[in-house]
Amino acid sequence: MATKKQHETFNKQVQDLVNGLGAKESGRGTYKYIIETKAGLLYVTTHEPSDTDIFGVYCKFENIDTAKEALGFWDCNRLNLSSGKWNFMDYDPKDLLLIFSTSLKRIL
């Protein structure tokens with residue numbers, strides 16, 4: 001089981017990544033950050049550190065149609081066409097950070 005400390009480290013890595021790519025504080029409820037992408041505004045957050053095996057980055061596009069047009073096949077498969085959610089979850093934080101980073105950079 002992953003520890004709270006591992007989740008804190010992962011969350012900090014996500015924060016550093018999105019801030020380095022131009023994200024701002026969102027001021028929107030559950031989503032901590034907002035970043036402008038080719039697919040429209042993207043809200044991004046992580047969950048509070050806890051003793052769970054799953055790491056996650058939770059994202060939501062403001063405009064589903066714009067996101068659908070801009071995302072490639074694989075990233076569009078991740079997109080929830082009803083809610084605009086574009087979430088990333090994995091047991092391995094390194095793999096997850098790489099997948100999230102690669103997917104995000106494709107739409108910047």
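Points worth noting:
- With respect to (1) under 14 Å from Trp86 (Cβ atoms); (2) out of contact with any His (no Cβ under 7 Å at 6 or more places or on another chain), the lone exception for Gly56 is condition (2).
- Taking the criterion of being touching a Leu at 6+ places or on another chain (Cβ under 9 Å) and at positive phi, the only residue of segment 13-36 that qualifies is Gly22.
- Search result, residues across segment 10-26 that are surrounded by 15 or more Cβ atoms within 10 Å (Cβ to Cβ) and modelled with pLDDT of 95 or more: Phe10, Asn11, Gln13, Val14, Gln15, Leu17, Val18, Leu21, Ala23
- The chain holds helices (runs of 4 or more DSSP H) entirely within its bounds, and those carrying 3 or more residues that are touching a residue at least 60 places away in the same chain (Cβ under 8 Å) and in contact with a strand residue (DSSP E or B) (Cβ under 7 Å, 6 or more places away or on another chain) map to 4-20, 93-106.
- Subset of segment 39-69 (residues that are closer than 17 Å to Gly22 by Cα, in contact with a Cys (Cβ under 9 Å, 6 or more places away or on another chain) and among the hydrophobic types (A, V, I, L, M, F, W, C)): Leu42, Val44
- Residue list for segment 98-108, restricted to those being surrounded by 12 or more Cβ atoms within 10 Å (Cβ to Cβ) and basic (Lys, Arg): Arg106
- Restricting segment 62-97 to residues that are exposed (fewer than 15 other Cβ atoms within 10 Å of the Cβ) and among the small types (Gly, Ala, Ser), the residue that is nearest to Thr52 (Cα to Cα): Ser83
The values are calculated or read from the model by the stated rules, or taken from the named source; none is laboratory data. Here the structure is a predicted model, which is why all the values come from computation and not from measurement. As a convention, Cβ positions derive from the backbone with ideal geometry for all residues, glycine included, and neighbour counts pool all protein chains shown.
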